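One structure below.
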Amino acid sequence: MPVSPRHSQLLPWYIGLVIIAIVDAYIGYLFYTTSEAPGLAQVLILVILPSIYLVLMYLTFKSQS
């Protein structure tokens, strides 16, 4: 019976973190070049929503152990 290599349970979280960082950098660049959105909306989109998503994703993966 083949044995699959064991990987970190948080590997999907790390991948999601990288994807969110790339998307945030792109959206931040768009905000920086156009700056048509209010400051509160920028903070909400670039900081608050990704933070909530990452915390919920982390809690989900940790509870599966």
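Please treat every number below as a calculation from the coordinates, not as lab data. The structure displayed is predicted, hence computed values, not measured ones. All Cβ positions, even for glycine, are placed from backbone atoms using ideal geometry, and neighbour counts span all protein chains on display.
Worth pointing out:
- Estimated FRET transfer efficiency when R0 is 30 angstrom, pair THR33-LEU59 (beta carbons, to 0.05): 0.30
- Axis angle, to the nearest 10 degrees, between helix 11-34 and the longest C-alpha principal axis of the chain: 10 degrees.
- Sorted largest first, extent of region 11-63 alpha carbons per principal axis (Å): 40, 18, 6
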